[in-house]
Every structure is written in C-alpha cells, then in structure tokens.
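Engineer: Pasting a structure below so you can have a look.
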Amino acid sequence: MGTNDEIFEKVREVLVDALGVDDDEVTPEATLVGDLGAESIDFLDIVFRLEKAFDIKIPRGELFPENLTADSNYVQDGVVTEAGIAELRKQMPHADVDKFAQDPKVENIQELFTVQMIVNFVASKLGDKE
C-alpha cells in the first residue's frame, strides 16, 4: 500500500471526515478522544471509513478492544492490573502500552487510541494482506 507517510495521510483524511476536525489537528501523537473529541459512536464510523479507504476488514473489537475494563481480572479499584496490561499488549500490539503502563488508571486507557496507533494498525493489516 505504501509508506507510513502515505498511510498517515489517508488516516488523517478519514479522521478529518469522521470527526469534523482540521487537518493540522490530526498529528501522530493526537489522541482520538482527548485531542480530537471522538465519542464511542465515532469509533464505529472510523472503523467503517478505514475499511473503505484501505480495502481491509476490521473485525469488531480488533482496533478498539471492547469490554476489557469490565473484567475484574484486568481491572481492580480503577487500575488496570498486570494481567490487564498483558492482555492490552496482546490485543493492541499496535499501541504504546508501555507508556500507558506507567499510569494504568482506567480513565487513561483512551490515551492508547492515538492517530499513530491507527497508522500502525493499518500498516500491519496491509502487511498481512500482501
């Protein structure tokens, strides 16, 4: 499909269209929720648009894991446990879980959802396709 820069540009277009943000707001470090104002309904739209833009299939929960924080093995007292961190690493190899692990409060989990995480995810999906 191309380079990370080409993937980033397409991801940027998807996010600009899905979230109604300006191009310059969509940087690799930008978080979907905190910086770009995404809400849970937007995640479905983003997945749909990514599938279309890159001609890939993204099974439900693959890009944005679901229900992880509802599992008491993974979360205790509002903090993601070591088992939860391990599960995040398994489910989200494309995210910067190490950074999250430094302050693994549940409310910080949305900081995993960055533009770069999506670029990494799409790059790996495209690599699998070839």
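The values are calculated or read from the model by the stated rules, or taken from the named source; none is laboratory data. Nothing here was measured: the structure is a model prediction, and the numbers come from that model. Neighbour counts are summed over all protein chains in view; Cβ atoms, including those assigned to glycine, are modelled from backbone coordinates with ideal geometry.
Engineer: Go through the range 62-93 and give me each residue that's of a type outside the set (G, A, S), closer than 15 Å to E107 by Cβ and part of a helix (DSSP H, G or I).
Structural biologist: L68, T69, L88
Engineer: Could you list, in sequence order, the residues of the range 46-59 that are free of Cβ contacts under 8 Å to residues at least 12 places away in the same chain and in a loop (DSSP other than H, G, I, E, B)?
Structural biologist: Correct list: D55, K57, P59.
Engineer: Go through the range 70-108 and count every residue that is within 15 Å of V33 (Cβ to Cβ) and touching a strand residue (DSSP E or B) at 6+ places or on another chain (Cβ under 7 Å).
Structural biologist: Selection size over the range 70-108: 2.
Engineer: Which one of these does E29 not meet: (1) over 23 Å from G61 (Cβ atoms); (2) of a type outside the set (F, W, Y); (3) part of a helix (DSSP H, G or I); (4) within 13 Å of the chain's Cα centre (by Cα)?
Structural biologist: (3)
Engineer: Looking only at the range 58-76, count how many residues are crowded, with 16+ Cβ neighbours inside 10 Å and hydroxyl-bearing (S, T, Y).
Structural biologist: 1
Engineer: Could you please find all residues in the range 97-121 being outside any strand (DSSP E or B) and under 10 Å from the mean Cα position of the chain (by Cα)? Before the answer, list the steps.
Structural biologist: Quick first cut of the range 97-121, residues outside any strand (DSSP E or B) only: 97-104, 106-113, 115-121.
Residues satisfying the conditions are Q110, E111, L112, F113, V115, Q116, M117, I118, V119, N120, F121.
Engineer: Checking the structure you have, find out if any residue of the range 102-110 is touching a residue at least 60 places away in the same chain (Cβ under 8 Å), surrounded by 13 or more Cβ atoms within 10 Å (Cβ to Cβ) and either hydroxyl-bearing (S, T, Y) or touching a helix residue (DSSP H, G or I) at 6+ places or on another chain (Cβ under 7 Å) (or both).
Structural biologist: Taking every residue of the range 102-110 in turn, none turns out to be touching a residue at least 60 places away in the same chain (Cβ under 8 Å), surrounded by 13 or more Cβ atoms within 10 Å (Cβ to Cβ) and either hydroxyl-bearing (S, T, Y) or touching a helix residue (DSSP H, G or I) at 6+ places or on another chain (Cβ under 7 Å) (or both).
Engineer: Which one is modelled with the lowest pLDDT among residues in the range 14-57 that are β-branched (V, I, T) and either more than 16 Å from V115 (Cβ to Cβ) or exposed (fewer than 14 other Cβ atoms within 10 Å of the Cβ) (or both)?
Structural biologist: Across the range 14-57, the extreme among qualifying residues is I41.
Engineer: Do you know which residues across the range 77-93 are surrounded by fewer than 19 Cβ atoms within 10 Å (Cβ to Cβ) and not hydroxyl-bearing (S, T, Y)?
Structural biologist: Hits for the range 77-93 are D77, G78, V79, E82, A83, I85, A86, E87, R89, K90, Q91, P93.
Engineer: Something else now. So is V33 β-branched (V, I, T), in the same structural domain as R12 (by TED's automatic domain parsing) and more than 26 Å from D128 (Cβ to Cβ) or not?
Structural biologist: So V33 fits the description; yes.
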